[in-house]
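Engineer: Before I ask anything, here is the structure I am working with.
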Amino acid sequence: MKRRIIILVGLTLGEMFFVVRMHAQDLHFSQFMNSPLTTNPANTGFIPGGDYRVGINYRNQWSSIMAIPYKTMSAFGDAQVMRNRFETGWIGAGGVILRDVAGSGNLTSTKIYGSLAYHQLLDAGSLVSAGFNVGWANKQINVANLKFPDQFDGKFFDNKLPTAVVLTDNNISYLDIQLGLNYAYFPNDKVYVNAGYSAHHVNRPHESFFGQATGVDNRISVRHIGFLNGSFLLNNQWLINPNIYFTTQAKAVEMLAGLNAHYDLSGDGTYQLIAGLYYRHEDAIIPMLGLQWNDLKATFTYDVTMSTLKNYNNGRGAFEFSLIKEGVFNSFMGSKRDFKCPDLRNKAY
C-alpha cells in the first residue's frame, strides 16, 4: 500500500539516493488476516478460537534490488475482558508494536498502539463489533550515508560534497488514530463469514522531515480498508478460508484475494497442514504454507512479483512469516462468550 507524504527516501539502485515528493510505503502485510489489529481495530478481542491471542509478524521486502531492504516487524496481543459485566457482549483490549527499517539511511518507523473494541451478539448466529486504537508513531532517518542530486560530480555521487538539501528535523513523532467496524455471521459450526471496514490516520497527522511549505500538504491521507473473510468446514479433514482485502489511500489502491486450506494430519485436528494461494492485483502471486499444532499456528508466504518490477528483481518480491497463539484464560476473566466458528479440532459431524 502506498501513501503520499513528503519524506527523504533512500531507494537504492546501487548507491543513488534522491530527495523527492513521492508515494511512500505504508506498513502492511500480505498475511493481513494474521495481523488483525493492524487491519482493523474492531478485531481486538474478536477471537473465535479462544479468549486471548498473541502473535508476531515479520516481512522482508525487495532484498534482491535494495542493499538494505524493507524489514517490517510487529508483535501484538489482545483478549476478551469484562465478560461478566455484559450478558451478551464483551470488551476486547489489546496492543500492537510495529517497526519498519529501510535503506542506507535507516529510514525507521516505530508505532505503538493501544486498542479497545466492543462486541455484541445480535442473536445466536451474528455479531457486530466496533473499535478504535490510539498510538504514538515515530519516524527517523540518518542522512550521513545518503547522497543527494547536487552531490553528483558527473561520474559518482560523493556525500562529502556540500548539498543544498536541508532537513528541518530527522526525528519526528505524532499521534495516530484508527477506527473500525466488523460484522460476523455464523449460522452453524460449518459456516462462518466476517466482513469489516476500518479508517486509518483519521486525525490526519503531519508527517515530514521538512518544514511546512506553502501549497504543500504533508498530512497523512486517510487510509480505508475493507475485507471479507470466510471459513467453511467441508468434511472431517478439510477446512477452507477464503479472504478478500481492499485498501485505498490518496490515489493508491491495493486489492488482494485468495484462500488457504487446513488439512487434518492427526485425525483429531491436533496437527494441521496449511496451504494457500493469494493474488495481489497487478503486483504479485503469493503462495502460503504453514502448520498448526493445537492452538499455535505458523504460516509462511512469498510474494512472487508479476508486475514490471520482475524485470529487475527476477520475481523475488518479499517473504513473510506469522506466528499466532490462541488460548483460554482461567475463570477470573468471567464466562467465555462463545460464538461458532468452523474448527477441525471440534468437528461438526
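The values are calculated or read from the model by the stated rules, or taken from the named source; none is laboratory data. Every value quoted in this text rests on a predicted model; they were computed, and no experiment measured them. Here the Cβ is made from the backbone with ideal geometry for all residues, glycine too, and neighbour counts use every protein chain on show. What goes into the accessible areas is simple: the full protein's heavy atoms, side chains included, and nothing from ligands, DNA or RNA. Shrake-Rupley method; radii C 1.70, N 1.55, O 1.52, S 1.80 Å.
Engineer: Out of curiosity, is residue 256 buried (at least 20 other Cβ atoms within 10 Å of the Cβ) and farther than 22 Å from residue 127 by Cβ?
Structural biologist: Answer is yes for this residue.
Engineer: Now a separate question. Filter the range 229-253 down to the residues that are of a type in the set (A, V, I, L, M, F, W, C) and out of contact with any Pro (no Cβ under 8 Å at 6 or more places or on another chain), then identify the one that is surrounded by the fewest Cβ atoms within 10 Å (Cβ to Cβ).
Structural biologist: 234
Engineer: Which residue, of 267, 276, is surrounded by 16 or more Cβ atoms within 10 Å (Cβ to Cβ) and free of Cβ contacts under 8 Å to residues at least 60 places away in the same chain?
Structural biologist: 276
Engineer: Continuing with the same structure: Name the single residue, out of those in the range 251-309 being among the basic types (Lys, Arg) and farther than 17 Å from residue 240 by Cα, that is modelled with the highest pLDDT.
Structural biologist: 280
Engineer: Still on this structure, I have one more. Select from the range 307-324 the residues that are outside any loop (DSSP other than H, G, I, E, B) and under 18 Å from residue 59 (Cα atoms) and list them in ascending order.
Structural biologist: Answer for the range 307-324, where residues must be outside any loop (DSSP other than H, G, I, E, B) and under 18 Å from residue 59 (Cα atoms): 313, 316, 317, 318, 319, 320, 321, 322, 323, 324.
Engineer: Could you list, in sequence order, the residues of the range 170-212 that are outside any strand (DSSP E or B) and either under 24 Å from the mean Cα position of the chain (by Cα) or without any contact (Cβ under 8 Å) to a residue 24 or more places away in the chain (or both)?
Structural biologist: 201, 202, 203, 204, 205, 207, 212
Engineer: Now a separate question. Spot the failing condition for residue 256; the list is (1) touching a Phe, Trp or Tyr at 6+ places or on another chain (Cβ under 8 Å); (2) within 22 Å of residue 326 (Cβ to Cβ); (3) hydrophobic (A, V, I, L, M, F, W, C), and only one is missed.
Structural biologist: So the condition that residue 256 fails would be (2).
Engineer: Would you mind listing the strands (runs of 3 or more DSSP E) fully within the range 38-117 where at least 1 residues are acidic (Asp, Glu) and either modelled with pLDDT under 90 or open to solvent by less than 40 Å² (accessible area, probe 1.4 Å) (or both)?
Structural biologist: Correct list: 70-81, 89-102.
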